Each structure stands twice: as structure tokens, then as C-alpha cells.
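Down below is the structure, laid out as C-alpha cells.
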Amino acid sequence: MKTLSILIAALLSTSAYARNAPEEPHIYVKGEASVTTMPDHVLLTVGITEIDKDLIAAKKQTDTTMASAISLVKKLGVDDADINAGQISIYRDNQYNRETGRQEFTGFKVSRTLTIKLSAINKYPELLQSLVNNGINEIRQTQFLASNYDELHKKAQKMAIKQAKVAAKELSDDFDVELKGLYSASLTPLDMPSTPYMRSEKVMMADSAPGNYVPDAYHAGEITISASSYAIYYID
């Protein structure tokens, strides 16, 4: 089987270009896996911007709106530690006048930002509408997240590594060659001139939904957490 082994190596690597490839016959494989879960909290960033030629008036209006927003958030049971309203920006706003060809001062623009971590996802629509009704005029970012993301990502990595092992065994069996041992492994693509072999079946696992998840909460949908593993195996 030496001839076939050398042929496989020639297809999968070129020693002049692949710095990570061994000179001995080898195969290059990839494992991929995903874990799906439901979000258990929302990270919402909103804002208020006011423009007025009177700086004091502009700042007072944004502060009043922000105070009202913070009060609403607390009424929904959000802890102080999950509320961040410390950001403010103030600058002169100018607008180009085509008739005069000059930039004209339109007022001072004052902006405040409020970031909220909402664990009760089912209250998200109510919170969003209440904030808008009370003067919040910017919805900057909404993220539906899972607090156990890191744990699930590690699980996906282990599954991807297992898939790389299975892919190596499958490919070597198909070509009637024997795996001699692992040369190199990585969780990121290796510096190779070829595409790694990967099994057509992608492994996916559904994680159990957190206990405080409410399925009708704004139709957030599942979160997919993916991981990959790359490996080079010697063959004989």
C-alpha cells in the first residue's frame, strides 16, 4: 500500500508549500460540530439624543428621559448590577447651508446610552415598548444570549475533535491504509494547500432550554454554537 499512501499524501500536501505538513505520507482531516440552545437573557442597548441650542436644556431633557427609563427597567425587576447608564456625549451639531455655502450651528447634540441585561425574556416586548413610549428614540443593539455559552462551546469543541478522529478513520479505511499516529492538531485551520477531508454528516446536539426561558418571547429562536477541529495523521 506504499504507492497508494504516497499518492494520498501528494494529493493532500505539497512540501514546498505546506509548512505544517510532514514529508511522510499523511492525511488532513476536519471535524465539525454544533450545539443549539435557547437564550436565557437579553442584552439591550438603547439611547436618547436631544438637540437644542441651549446646552443646559438639551442635557436636562436627556437626563429626564434616562431617569424615567431607569425607573421603568427597575419596575420590571432588573437588578442595579444589570443596568448601565453611565455614558454621555455632548458635541456641537452643524449643518451645511447650500445657499450660503457654510456650515451653520444647529445646536448642541446630547446623547445618553442605557444598557440592560434582562433575564425575564418574556418581558422584552413590554420593556421595549415602554422605553419608546417614554422618550427613548434609539434602539442600538439587541442580543439574545445564553449564560452557559462558554460551557457549550467547550462541549462543541470536544465533539468536533471526536469527529476529526472519526473522519481520519473513515478516510483511511476507504483507501485501505493504516493510521500510524497523530502528527498535528488544531482548533483553527492548518497552513495547508488543500481542503481537509470532512465527513458529510455534521454532528449537532440540542441543549436543554434554561428553566426561566419563555418560548413566546419575541421569537428569539435558537442559538447555534459551532466549533471545528483540524488534524494531520500519519498513514502507512
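Mind checking which residues of segment 119-172 are hydroxyl-bearing (S, T, Y) and open to solvent by 20 Å² or more (accessible area, probe 1.4 Å)? Walk me through how you get there before you give the answer.
Here is the first cut: in segment 119-172, the residues hydroxyl-bearing (S, T, Y) are 119, 124, 130, 142, 147, 149, 172.
Of everything in segment 119-172, those that are hydroxyl-bearing (S, T, Y) and open to solvent by 20 Å² or more (accessible area, probe 1.4 Å) turn out to be S119, S130, T142, S147, Y149.
For the structure I just gave you, tell me whether R92 is open to solvent by 80 Å² or more (accessible area, probe 1.4 Å), under 27 Å from K53 (Cβ atoms), part of a strand (DSSP E or B) and touching a strand residue (DSSP E or B) at 6+ places or on another chain (Cβ under 7 Å). Write out each step before concluding.
Working: open to solvent by 80 Å² or more (accessible area, probe 1.4 Å): yes; under 27 Å from K53 (Cβ atoms): yes; part of a strand (DSSP E or B): yes; touching a strand residue (DSSP E or B) at 6+ places or on another chain (Cβ under 7 Å): yes.
It is true that R92 is open to solvent by 80 Å² or more (accessible area, probe 1.4 Å), under 27 Å from K53 (Cβ atoms), part of a strand (DSSP E or B) and touching a strand residue (DSSP E or B) at 6+ places or on another chain (Cβ under 7 Å).
Any residue at all in segment 76-99 that is in contact with a Phe, Trp or Tyr (Cβ under 6 Å, 6 or more places away or on another chain), acidic (D, E) and either at pLDDT below 95 or under 30 Å from P125 (Cα atoms) (or both)?
No, segment 76-99 has no match at all.
Please count how many residues of segment 177-211 are closer than 16 Å to V166 by Cα, modelled with pLDDT under 90 and assigned to a strand (DSSP E or B).
Result for segment 177-211: 2.
Is it fair to say S119 is in contact (Cβ under 8 Å) with a residue 40 or more places away in the chain, in contact with a strand residue (DSSP E or B) (Cβ under 7 Å, 6 or more places away or on another chain), more than 26 Å from S89 (Cβ to Cβ) and small (G, A, S)? Even if it seems obvious, please write down each step before you answer.
Numbers: in contact (Cβ under 8 Å) with a residue 40 or more places away in the chain: yes; in contact with a strand residue (DSSP E or B) (Cβ under 7 Å, 6 or more places away or on another chain): yes; more than 26 Å from S89 (Cβ to Cβ): yes; small (G, A, S): yes.
Yes; evaluated as a whole, the condition is true for this residue.
What number of residues in segment 69-88 are open to solvent by 50 Å² or more (accessible area, probe 1.4 Å) and part of a strand (DSSP E or B)?
The number of residues fulfilling the criteria is 4.
List every residue pair whose Cβ atoms lie under 6 Å apart, where the two residues are 6 or more positions apart in sequence or sit on different chains, the first residue falls within segment 181-202 and is closer than 25 Å to I225 by Cα, and the second residue, located anywhere, is among the basic types (K, R) and open to solvent by 60 Å² or more (accessible area, probe 1.4 Å).
D191/R19
So how many residues does segment 119-154 have that are under 18 Å from the mean Cα position of the chain (by Cα) and closer than 23 Å to D207 by Cα? It would help to see each step written out before you state the result.
Our first condition is that a residue be under 18 Å from the mean Cα position of the chain (by Cα); within segment 119-154, this holds for 140-154.
From the residues that got through so far, the ones that are closer than 23 Å to D207 by Cα too are 142-154.
Summing the residues that are under 18 Å from the mean Cα position of the chain (by Cα) and closer than 23 Å to D207 by Cα in segment 119-154 gives 13.
The values are calculated or read from the model by the stated rules, or taken from the named source; none is laboratory data. Small disclaimer: the values here were computed from a predicted structure and weren't measured. Note that each Cβ is placed from the backbone with ideal geometry, even for glycine, and that neighbours are counted across all protein chains shown. Each accessible area value is taken on the protein alone, full model and side chains, heavy atoms only, with ligands, DNA and RNA left out. Shrake-Rupley method; radii C 1.70, N 1.55, O 1.52, S 1.80 Å.
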